[in-house]
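The values are calculated or read from the model by the stated rules, or taken from the named source; none is laboratory data. Because the structure is a prediction, the values reported are computed rather than measured. With ideal geometry, Cβ positions are generated from the backbone for all residues, glycine too; neighbour counts draw on all protein chains shown.
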Amino acid sequence: MGERILQIEEKEQLTLDPNFWNDSKQAEVVMKTIKSHKHWVNKFQAVATVVEEVEILSEFQKEGEATEEEVEKNYKKAVVIVDDLEFHSTLNKPEDELNAILEINAGAGGTESCDWAEMLLRMYVMWAEKSGFKVSELHRVDGDVAGIKSVGLELKGDFVYGLLKGENGVHRLVRVSPFNAQGKRMTSFASVFVHPMVDDTIEIEVNPADLEWDTFRASGAGGQHVNKTESAVRVRHLPTGLVAECQQERSQHMNREKAIQLLKSRIYELELQKQLAEKDKVEAGKMKNEWGSQIRSYVLDDRRVKDHRTNHQTSRTDAVLDGELDDFLKAFLMNNGVQ
């Protein structure tokens, strides 16, 4: 913790330079570094304060100057804060602090899977809004009858990638189908991919000669401008085969900038996956984006949502689909975050 305090003091000295904001990108990197260090220092100091208060009250109780109820109340408060710090300590990698790209793709199964993909979209958007994160839609392909075939979201906020990184994998829905006249029990699948959105704190070099660009008309809502001009863009990174597309902005130029950022994010995530493989970590397999990596089942008629990696489950299916995901996210991170 002392090292973080020294880093804060050192970086804050840099901000006093009259020329500090001449290089705005570098200045933003420094300010983000200060913010990150202060986040951890503040959490540690909050824990130290509340633990000290419990110790003092405990001494007062021995002398008859505080009640057992007061000690118990402050002890429970300390446990909550310590547990929160322990949970946040799992978000200890540089990429954990970044914004996130979340993509959902419907599996085989036509309308059923497309509807399930849209249910997942609603779930993540509601979770993000409840958590105070900003959400924007990058691209979307609607289903032929209902739901969506695929969608890409950008989520902005502190540690949003770190919180969501365990959502990679296949999500399975079991329910009595509203699209089936016989009311049959149906199983649907959708895959979720979460990428860290790289910013100026992480340098990713991309050679323009390695890029292949394509333009097309945006699909979905957006008015006449979006539908009548080829403002949407798609870029392919030839060395890796990675593809990124964006139709969020009105101008092709702005979409190109966002597409490059998305591409860099995927290149960065690919490098992270390589590092995991090189270290031969047991948990690396759980993070791979493979259709076989089914991570969670949502069984609506049995009122059960279960994570197959942590065995965490709940009967509150409606609450989960309304965005109450924190218990699942924490269970995964506490089991897998500290490595």
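Things to note:
- Among the numbered conditions (1) assigned to a helix (DSSP H, G or I); (2) at pLDDT below 95, the only one that residue 125 does not meet is (2).
- Which listed residue, of 276, 272, 262, is of a type in the set (A, V, I, L, M) and modelled with pLDDT of 85 or more: 262
- Here is the figure for the range 205-230: residues that are at negative phi, part of a loop (DSSP other than H, G, I, E, B) and modelled with pLDDT under 80 total 6.
- Residue pairs whose Cβ atoms lie under 6 Å apart, sitting 6 or more positions apart in sequence or on different chains, and linking a residue in the range 233-253 that is over 16 Å from residue 101 (Cβ atoms) to a partner that is in a loop (DSSP other than H, G, I, E, B) and of a type outside the set (D, E, K, R), are 252/231.
- Of the numbered criteria (1) surrounded by 16 or more Cβ atoms within 10 Å (Cβ to Cβ); (2) of a type in the set (Asp, Glu); (3) free of Cβ contacts under 8 Å to residues at least 24 places away in the same chain, the one residue 83 fails is (1).
- Residue pairs meeting the criteria (Cβ under 7 Å; at least 6 apart or on separate chains; first assigned by TED's automatic domain parsing to the domain that holds residue 102, in the range 145-173; second assigned to a loop (DSSP other than H, G, I, E, B) and crowded, with 23+ Cβ neighbours inside 10 Å): 161/98
- Those residues of the range 307-326 which are surrounded by fewer than 17 Cβ atoms within 10 Å (Cβ to Cβ) and basic (Lys, Arg), in sequence order: 316
- For the range 132-155, the set of residues classified as under 17 Å from residue 194 (Cα atoms) and outside any strand (DSSP E or B) consists of 133 only.
- For the range 303-339, the set of residues classified as of a type in the set (A, V, I, L, M, F, W, C) and in a loop (DSSP other than H, G, I, E, B) consists of 325, 338, listed by residue number.
- Taking (1) in contact with a strand residue (DSSP E or B) (Cβ under 6 Å, 6 or more places away or on another chain); (2) closer than 30 Å to residue 175 by Cα; (3) at pLDDT 80 or above in turn, residue 115 satisfies each apart from (1).
- Considered as a group, the residues in the range 145-178 that are more than 25 Å from residue 330 (Cβ to Cβ) and among the small types (Gly, Ala, Ser) include one that is modelled with the lowest pLDDT, and that residue is 177.
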